[in-house]
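Written below as structure tokens is the structure these notes are about.
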Amino acid sequence: MLRRKNPYYDPAKYHHRPDGFRNPPGSPPGHRITAELAREAAHFLGELVRLAGHYPFPDDHVIPQEQAIALLQAQTAPRTITWLGHASFLLQLDGRVLLTDPFLTDYASPVPSVAVKRLVPPGIAIEHLPVVDTVLISHNHYDHLDARALSLLARRFPHALVCVPLGLRDLVQKQGFTHVVELDWYDRHADRELVVMAVPAVHTSRRGIGDTNRSLWCGFRCEINGYSCYFAGDTAYGEVFADIGNRLGPCDLGLVPIGAYQPRVLMAPVHATPEDAVQIGVDLGVRQLIGMHWGTIRLTTEPMLEPAQRFLAAPGAVPRRVMRIGETLAL
């Protein structure tokens, strides 16, 4: 079957292909379909079914919503961060309010399934969020592009700036947003004092049958009044992070994925380990790292508390921490 042409195709760009996109040079190789890989995948799916619904978290992993709202409202610092769960953060930076990869409903799939049901509620529900003026969406997987959540957010904030990688404008506009900007890697968009740049990631995209890698995936680097923040989205580790660091220089805050890495035979091309996440921070010259993409929904088979433990224990001098869902920190 012939794939449709990539309407964004630029032959001068390595990551562009005539029928879609690919990872940067030096990225982990993708999967080759073999009998061994099929057996691993079947075992993996069986393990996910066996582990579905298991709740391994301590009582204080999630701050009760009423308390989380009060903590957010009590903050007077000009720059704060609130973890809503998974890869969703609320960033208040010098008067701008940014929301990253808002997976804020119950299921990371087009139809409800216990295997992809979130284990903990969002730190703050959509109806209680402060006024959001910017939304960053890194790619189209269901645990990052939550169409139901976007539709609800668009009802509250229809004129928010939404930054997406190439190929996602139409999908996001259908949810009700009127100001959607598509970015290729290293494209910049300035919105008054806020500058958003899409940066490379090592991942993939897919939302249905036949659309693998038809839209791009990315991380984001945001700058405002001399303060810089890197949001990785979803990524494996690759040589490209040293290149990003060399191009853009150090940044103040890095939000990096630390979960969904086992089994490695399946996850190595798309998800970083906790140790990889620290190395990403080192490569980018990040002054403070916060771990994400863990503690919310079971996507893979590692113990649910292990990502945070390994992230905090990993070698590397960069300061780092994990947050409780619903927690707000001054930056």
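The residue among Gly20, Ser205, Gly254 whose Cα reaches farthest toward the positive pole of the charge dipole of the chain, with charges on the beta-carbon of Lys, Arg, Asp and Glu, is Gly20.
Taking K and R as +1 and D and E as -1, what net charge do the other residues with C-beta under 10 Å from the C-beta of His144 add up to? Could the numbers behind the result be given before it?
On the way: positive: none; negative: Asp101, Asp143, Asp146, Asp234.
Once positives and negatives cancel, what remains is -4.
Ignoring aspartates and glutamates fewer than eight residues from Lys117 along the same chain, the ones with Cα atoms less than 18 angstrom from its Cα are Glu47, Asp101, Asp106, Asp143, Asp146, Glu302.
By counting other Cβ atoms within 10 Å of each Cβ, how are Ser215, Ser27 ranked from fewest to most? Present the calculation step by step, with values, prior to reporting the outcome.
Numbers: Ser215 25, Ser27 21.
Result, fewest neighbours first: Ser27, Ser215.
Extents of the stretch 117-231, taken as max minus min of Cα coordinates on every principal axis and listed largest first, are 40, 33, 28 Å.
I'd like the trypsin sites (Lys or Arg not before Pro) in the stretch 132-235 restricted to DSSP loop residues with at most 16 other Cβ atoms within 10 Å, sorted by number. Don't skip to the answer; put the middle values down first.
Numbers: sites: Arg148, Arg155, Arg156, Arg169, Lys174, Arg188, Arg192, Arg206, Arg207, Arg214, Arg221; in loops: Lys174, Arg192, Arg206, Arg207, Arg214.
Answer in residue order: Lys174, Arg192, Arg206.
Sequence-ordered 3J(HN,Hα) estimates for the stretch 70-85 from the Karplus curve with 6.51, -1.76 and 1.60 and θ = phi - 60° stand at 5, 5, 5, 5, 7, 6, 10, 5, x, 9, 9, 9, 10, 8, 8, x Hz, glycine and proline given as x.
Taking 0.36 nm per residue of sequence separation and removing the Cα-Cα distance, the Tyr186/Arg324 pair yields an extension gain of 46.5 nm.
Add +1 for every Lys or Arg and -1 for every Asp or Glu among the other residues with Cβ under 14 Å from the Cβ of Ile297, and state the total.
Values: positive: Lys117, Arg118, Arg298; negative: Asp101, Asp106, Asp143, Asp146, Asp234, Glu302.
Once positives and negatives cancel, what remains is -3.
Against the compact-protein benchmark of 2.2 N^0.38 Å, the Cα-based radius of gyration of the stretch 32-330 scales to 0.93. Of the Cα atoms belonging to the stretch 1-103, the radius of gyration and Dmax stand at 21.8, 57 Å.
FYI, it's all coordinate maths here, none of it is from the lab. Keep in mind that what you see is a predicted model, and the values were worked out from it rather than measured. All Cβ positions, even for glycine, are placed from backbone atoms using ideal geometry, and neighbour counts span all protein chains on display.
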